[in-house]
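K.L.:
My structure is below; once you've seen it, I'll send some questions.
The values are calculated or read from the model by the stated rules, or taken from the named source; none is laboratory data. Keep in mind it's a predicted model, so treat the numbers as computed, not measured. Neighbour counts run over all protein chains shown; Cβ positions are idealised from the backbone, glycine included.
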Amino acid sequence: NFASVFSGDKIDLSKRLSSEEAVNALMISQASQNNPNIIDTSKINNLEGIEYIISNPLLKATIYIELSATKKQSIPYLKLGQKVGGFGIVWVDTPNIDLSKAENLIAIQIMNNASIKKIDLSASKAIMQKGVANHNNFSGTAIRFANCSQLEEVIFPDVSKAPAPISAYSISFLNLPALKSTIDLSKLQVVQYIYLGGISAKVIYPTQKFLYYLSRGEKDNTNGTLFFTPTEDIFNRPETKKFVETYIPDKKIGVARFN
């Protein structure tokens, strides 16, 4: 996908990413690939140098890297460019990740990361800020953080001047024992999935009835539902019960507790 920056099997820092390659998604997964015309990324065991592609200011496609517990790698420094819309890393440690230029970032997933301490999304002009287009499964806001043992702080963007509705498709905060910053969802007006568990951080829930409900990421006031999945301890918090019982008076909320 990025042949222009390679010399043989190594990244050549003197070469530039072509405009055609800038729109190519950077995808590494552990799914075996039987199609001979598609690279089998499950055989990749070394991410050395990949940060130079990820940090390229021309790159505007989705970045998704998923390794495994036995293949886990670390990227000491990682910086996202302004044009990247989606970013996901699983089983990759990133002790220093810079999102200060990530203005177009709308979806982010960081899981099984033992070194990250802070995720600052404040530079994004897209997360929860695209109005009616922001809840769709394929183009809307998705925030998923899970199994990050050192994560202490998550900073959301300022959505005070964003077009209504303040919306997201999915928000997940799971197994983040060190998280200290408040998870402030108070301004959300449309969302389909919220998952919360394994956190001691304070949660501020949406403070008004939702404007409308979703079904498969589309507006559907008849069948649409907010799927809210907290662990038992989160569900038993007074503020959680108030959210479920008071702010969703028509009971269009599906609560599925898990351990």
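K.L.:
Count, please, the residues in the stretch 221-248 that happen to be touching a strand residue (DSSP E or B) at 6+ places or on another chain (Cβ under 6 Å) and assigned to a loop (DSSP other than H, G, I, E, B).
P.N.:
Qualifying residue count, the stretch 221-248: 3.
Quick grid of which residues meet (1) among the hydrophobic types (A, V, I, L, M, F, W, C); (2) within 19 Å of Glu103 (Cα to Cα); (3) touching a strand residue (DSSP E or B) at 6+ places or on another chain (Cβ under 7 Å):
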residue: Lys125; (1), (2), (3): no, yes, no
residue: Asn147; (1), (2), (3): no, no, yes
residue: Ser160; (1), (2), (3): no, yes, no
residue: Pro163; (1), (2), (3): no, yes, no
residue: Lys187; (1), (2), (3): no, no, no
residue: Val190; (1), (2), (3): yes, no, yes
residue: Ala201; (1), (2), (3): yes, no, yes
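K.L.:
Okay, next question. When you go through Leu214, Leu176 one by one, which is the residue that is in contact with a Gly (Cβ under 8 Å, 6 or more places away or on another chain), among the hydrophobic types (A, V, I, L, M, F, W, C), modelled with pLDDT of 95 or more and buried (at least 19 other Cβ atoms within 10 Å of the Cβ)?
P.N.:
Step by step, each of Leu214, Leu176 is checked, and only Leu176 is in contact with a Gly (Cβ under 8 Å, 6 or more places away or on another chain), among the hydrophobic types (A, V, I, L, M, F, W, C), modelled with pLDDT of 95 or more and buried (at least 19 other Cβ atoms within 10 Å of the Cβ).
K.L.:
Ser170: part of a strand (DSSP E or B), at negative phi and buried (at least 17 other Cβ atoms within 10 Å of the Cβ), yes or no?
P.N.:
Considered against the rule, which asks whether it is part of a strand (DSSP E or B), at negative phi and buried (at least 17 other Cβ atoms within 10 Å of the Cβ), Ser170 comes out as yes.
K.L.:
Can you list residue pairs whose Cβ atoms sit under 8 Å apart, with the first residue in the stretch 93-107 being more than 19 Å from Thr141 (Cα to Cα) and the second being part of a strand (DSSP E or B) and of a type in the set (Gly, Ala, Ser)? Count only pairs 6 or more apart in sequence or on different chains.
P.N.:
From residues that are more than 19 Å from Thr141 (Cα to Cα), the pairs are Asp93/Ser74; Thr94/Ser74; Pro95/Ser74.
K.L.:
Any residue in the stretch 152-165 that is loosely packed, with under 15 Cβ neighbours inside 10 Å, part of a loop (DSSP other than H, G, I, E, B), at pLDDT below 95 and touching a Pro at 6+ places or on another chain (Cβ under 7 Å)?
P.N.:
No, because not a single residue in the stretch 152-165 is loosely packed, with under 15 Cβ neighbours inside 10 Å, part of a loop (DSSP other than H, G, I, E, B), at pLDDT below 95 and touching a Pro at 6+ places or on another chain (Cβ under 7 Å).
K.L.:
Right, here's the next one. Can you pull out the residues in the stretch 50-77 that are in a strand (DSSP E or B), more than 16 Å from the chain's Cα centre (by Cα) and either crowded, with 16+ Cβ neighbours inside 10 Å or among the aromatic types (Phe, Trp, Tyr) (or both)?
P.N.:
Correct list: Gln73 only.
K.L.:
Moving to a separate point now. Select from the stretch 121-151 the residues that are of a type in the set (A, V, I, L, M, F, W, C) and modelled with pLDDT under 90 and list them in ascending order.
P.N.:
Passing the criteria: Val132, Ala133, Phe138.
K.L.:
When the residues of the stretch 217-227 are filtered to those that are touching a residue at least 24 places away in the same chain (Cβ under 8 Å) and farther than 13 Å from Ala168 by Cα, which remaining residue is surrounded by the most Cβ atoms within 10 Å (Cβ to Cβ)?
P.N.:
Going through the qualifying residues, I end up with Gly224.
K.L.:
Next question, about the same structure. Looking only at the stretch 26-49, which residues are closer than 28 Å to Thr141 by Cβ, modelled with pLDDT of 80 or more and more than 20 Å from the chain's Cα centre (by Cα)?
P.N.:
Across the stretch 26-49, the qualifying residue is only Leu47.
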